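Novice: Have a look at this one before I ask anything.
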């Protein structure tokens, strides 16, 4: 008993001394570790924050015993550690806190960077205070163990008495660690709560929990903060579903293996490559946003409709409908390489348009069944091949145009020319026989040939007028050679007219019409610096033009707006040339009074202005200066006006001029004969010695001479002789008949030859009759 008593006393002594010993080394603070979060629950990571800690009692009417602040920095997980009692003290002393007499509450406030006020984030009661701050200890130690037979005490502390040295002889049925009353069991280290078993059986651990082996959890596992797993994780082994309510991140470029189906109800963002090693089924739309590229290295099979609302760039070959199906493209499609189609390709069958921005090459036939508009903005002069939007090349033929009309007339245009305002300024139209023979061009050309024929007929008659010498008329009788040669000239003129009509009427179908009415060519200026404008009359000398007309051989007018223009000058030399009208009607500048039908001649002042001469007042020396015939009038006596003039002369004008010339020649002959008679009489009076009387021979009239020397008709023999003369005349000049289609046709085509002979005979007969009527009453 003495030993037991001494032992108890020793234990009590030690127990009583522990507070004193600890009091000499009482820690002046409590360690505090937590994760910083804002009011929204978001972790405040890698940031500097300021904490205010208050230790107070009496929650209803708080009494603050101690206040301090700490400036700390969180780590990447928002975790921080500090010692309460070692901060910047604002109020009170840490060692004067009444731990043993009052319940102490700890209030934590936080202030983020940039803010001025603290925000309270927690206010909790300290349930387990480190015993270094509390004087109360265990009230007794109870032991029921006895020494063994040798008096030695058993190893360990008896069971049912908790010991830091370990317990022995414990009975799991009755030896327990904990409380028997309805209070929590708290385990502390370093005066801090580490593990709390609540009175209801829940276990709360304030810090890390390290488990060396497996942890079996029979029910739900709830983790209130981050979870770090250093090795494999297997879930739902026996079944079940894994639900992730937040973001799911796989770090460090680690692989994710899903052996089953992955179902994503919302949007899925892939910020890197998605590799799919097997078939991929998309049961809805596939959108590739932000103008991102999509690379398909294999075949893309689309069984349904495909809609592309923007550009489709294809850098290699594309085969459409290689098996079957339809491809609908509603937006832009760019093809940077070959597009092969083994079947028909229909574009815009429902609606829309096809726009091709780059060069397009079609290597086979193209059938365009709608209207085609070429709107090309190309530049360059009219001599530049690259200045024309539409160019046809590669074949010996050019453009073929076929209209729906069986017999196109002037209401059917093959080509129509418009100006920039949309007004028609010219056209190439169909033409019937009636329209063709009534056209100004046909009439003009025919008039030239008829005038040639008339001239040949008149010359035929004039060739038989005997030459008068010294008042005597010498006649040798009919001249066979003369008749043959004149007949040949008339036959050639007739053949030209017949060939023209045959050619013109057999080549109907197209006629050229324009808002302008003249046909012009570029002719070179004699003086490039001379001012020449449209409507000026110019003279032509050696193929060059000038307003100086004194020595000119031909007179023409500068075109205002030609319908057709030829003889294009070399590029860069346009200023040395002018557009000169050759036929048609044209505006011309005329000074003084002008009547319709007047002849227009140069003024003689070398000023480009013309004058009007009445057909009744025209003189022989003015014939060669006639520029044309006025088709409009001007009542200006002294001023200069612009009148419409037909270039050249028509057949009626030529016939009238020839008749007038013949009449004047006859009158001159009569005057000459009268003068010769008078001179003979005066000479007779001067002879001193009378001579024998001169026998007066009656001079035949022109009518008598014509009747005596001109055959009434051209016989077939005369015409055969004429054909022979034509052949000999050309062969004597070294010409090959075969090289001249018209001459070859006349001499070697029996049908054309017979037609020409008959027409020549008719023309001669009419000319002969008209000629006799003209000279019947002439002496």
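The values are calculated or read from the model by the stated rules, or taken from the named source; none is laboratory data. Predicted model, so just to flag it, every value in this text is computed and none were measured. Glycine also receives a Cβ, built like all others from the backbone with ideal geometry; neighbour counts cover every protein chain displayed.
Novice: Tell me which residues, restricted to segment 522-550, are closer than 17 Å to residue 568 by Cα, in a loop (DSSP other than H, G, I, E, B) and in contact (Cβ under 8 Å) with a residue 40 or more places away in the chain.
Specialist: 528
Novice: In addition: Would you mention how many residues in segment 41-58 are touching a residue at least 40 places away in the same chain (Cβ under 8 Å), in a loop (DSSP other than H, G, I, E, B) and touching a strand residue (DSSP E or B) at 6+ places or on another chain (Cβ under 8 Å)?
Specialist: 2
Novice: While we're on this one: Would you point out which residue out of 6, 95 is at pLDDT below 85 and over 23 Å from residue 205 (Cα atoms)?
Specialist: Exactly one residue qualifies, and that residue is 6.
Novice: Going by the structure shown, is residue 183 over 30 Å from residue 45 (Cα atoms) and over 60 Å from the mean Cα position of the chain (by Cα)?
Specialist: Yes, satisfied.
Novice: Here's something else I'd like to know. Could you tell me whether any residue of segment 582-596 is in a strand (DSSP E or B) and within 41 Å of the chain's Cα centre (by Cα)?
Specialist: no
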